[in-house]
Amino acid sequence: MINVLLVDLGTPRDEISEPLGIETLAPYVEEEFPNEVSLELRSLELDNQPSIDEYIKQKFFSVIGLSTKIRAYNRFRQSMEIIQRKTPESIVVIGDILGTYAFEEVLSRYPNVICVRGEGENAFREIIKSVLNSGIEELSLNHIPNLACISEGQLRLTKREMFDLTKAKHPHRVLAPEVFKQHGIGRLEASRGCAYSMCDFCGNIEKYNGPGWRPFPLNFVVEELITLSKIGFKSPYFTDEDFLGDDIDRAYELADKIDKAKKEGLVNPELDFYINLRVNSVLGIGIGGKQEALKLLRRLKEIGLREIFIGVESGCKDQLMKRYKKGVTKENNIEAIKILRHLGIEIDLGFIFFDQESTLVELRENLNFISKAGLVRQDAQLIKKIRVEPRTPLGFRFAKEHPNVKIDLNLVEFPYQFKESEVGTIYGIFTTWQKEDLDVIYNLQSFCRGEIPEGYTRKEIKDVISRYRELDVRYLAEIVKIFESNITNREKRAKEITQKFQEIRKKLDSTLIDRVQWLDSKFRRFKV
């Protein structure tokens, strides 16, 4: 019998999200080696722990798997230091974002670890099997898919493969009850990948070893909803990058099955859910036209669809078509937003305001789009810059053009400078302003995305967030206006505007204090 530990390292954000990744790996170990492996699943977020130190005090784990997220490198580094000091004989397996997109950099610092690239169901199971068959000292990895490791001083990459979703096992949701107890986000999958797979900044091809969309069996999806409903979740999130894919008939069939499960009492009749869709899907492009899309969306809403994330990304033509490769126009984006509002479906937006080639003219173009699309008061964060993620089309090109730029392992991106210096100055001014607000926003978002505590509504929390987001847009518009003018004392004027808006924000804080005082976070600016 060997001991195996799987840990989700979480993120520094004050948000509880079900660690579906490690729960997904669990059955491939527990069901295939029931008498040979003792598996433990842990989450730093759920346990409110800074590192894995407490988990390895009582026993030796032959294999320790770490699931990594963006902004969690410090947690990863601290956990690695503890492992190297206290249990150096353990085999350490790194998955999720660091293992997939930054394995070369991770292995250069920690050459004894094993990185799993993308899907890990087969890979992690085979690592455990190799430990059982050969032991820690004679581990054989060459036959195992989707791995990156150091062997004889050289980087070794094993064959890539897509996981057959028809053979998927249900996640062992041992941590989900505690997630629900802490008002966190319950999660499930209905598909993997994207039918489009062309966005320049997207990592799906690297993650899934190629483009395309793959669905889980429909009964599998419904059984997942039944499980989450039994735990108590009423508002789970589908993690799919592209919920609909290119199969509208399947979506109707899934809707019918969910409807049936609700009527039979297997799923809470009040359960609602959140999905990701492409703008083209909302418009019916490629799935039978606008009327067919409207019909499907109405049907999904009937059986619980609450909110849709759509990546509109920009209101600037060159960003959308040339640099982001979105395959949609800003007019398409506005139309999709109007359709969802008309249907009464909540909207979560992906928007990338800045990129390294942004110009002052384009900043104004995006601000005009935000106004025209009615997004000034929107709870989603619209004003952020593009992440040049490694091993994406954009990332590969950037690495070739800038071979000496190192990856920021905390953000898992290549840092870059804006080509237009004025844009860089504006971005710096805005991010300094925004940082003073992020503690409040993150706290509110953590509750808005999860299970809403009794006495509050999701709409109420979103309305609060939206008022801060509106202030951000108004502030940025004033800063951009300074740089569009010919005045010489821009720095002084920017300070004056910042002071003005800080006073507005203080009044907003005082107005909203009674509605956010229930939040419990040491990062809050509020004093209650």
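Tabulated results
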| read-out | value |
| --- | --- |
| Set LYS57/LYS459; LYS159/LYS400; LYS322/LYS495; LYS481/LYS507; LYS372/LYS495 screened for pairs whose C-alpha atoms are more than 32 Å apart | LYS57/LYS459; LYS322/LYS495 |
| More than 21 Å apart - percent of Cα-Cα pairs taken over segment 184-352 | 47 |
| Kirkwood Rh, angstrom, segment 2-157 [1 / mean 1/r, Cα pairs] | 15.5 |
| Rg followed by Dmax, in Å, when segment 185-268 is reduced to its Cα trace | 14.1, 44 |
| Mean Cα-pair separation over length for segment 268-424, i.e. relative contact order, pairs under 8 Å, 6 or more apart, % | 19 |
| Efficiency of FRET from Cβ geometry, GLU178 and GLN84, R₀ 30 Å, rounded to 0.05 | 0.55 |
| Convex hull per residue volume in Å³, alpha carbons only, for the chain | 156 |
| Rel. contact order, % - alpha carbon contacts under 8 angstrom, at least six apart, segment 184-352 | 21 |
| Proximal lysines to LYS59, defined as alpha-carbon separation beneath 21 angstrom and excluding residues fewer than eight positions away on the same chain | LYS86, LYS129 |
| The chain: Cys lacking any partner C-beta under 4.7 angstrom | CYS115, CYS149, CYS194, CYS316, CYS448 |
| Over 25 Å (Cα to Cα) - which of LYS69/LYS435; LYS385/LYS435; LYS462/LYS492 fall in this group | LYS462/LYS492 |
| Radius 12 Å from Cβ of HIS342, net charge of other residues (Lys, Arg +1; Asp, Glu -1) | +4 |
| Per principal axis, descending, Cα span of segment 438-509 in whole Å | 53, 20, 16 |
| Computed over the chain: relative contact order in percent, which uses C-alpha pairs under 8 Å that are six or more apart | 12 |
| Inter-label distance, nm, simple model (7 Å from Cα along the C-beta direction), VAL361/ARG299 | 4.6 |
| Segment 120-214, Rg to Rh (Cα coordinates; Rh as Kirkwood inverse mean 1/r) | 1.05 |
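Values in this text are rule-based calculations from the coordinates and carry no lab data. All values derive from a computational prediction rather than experimental measurement. With ideal geometry, Cβ positions are generated from the backbone for all residues, glycine too; neighbour counts draw on all protein chains shown.
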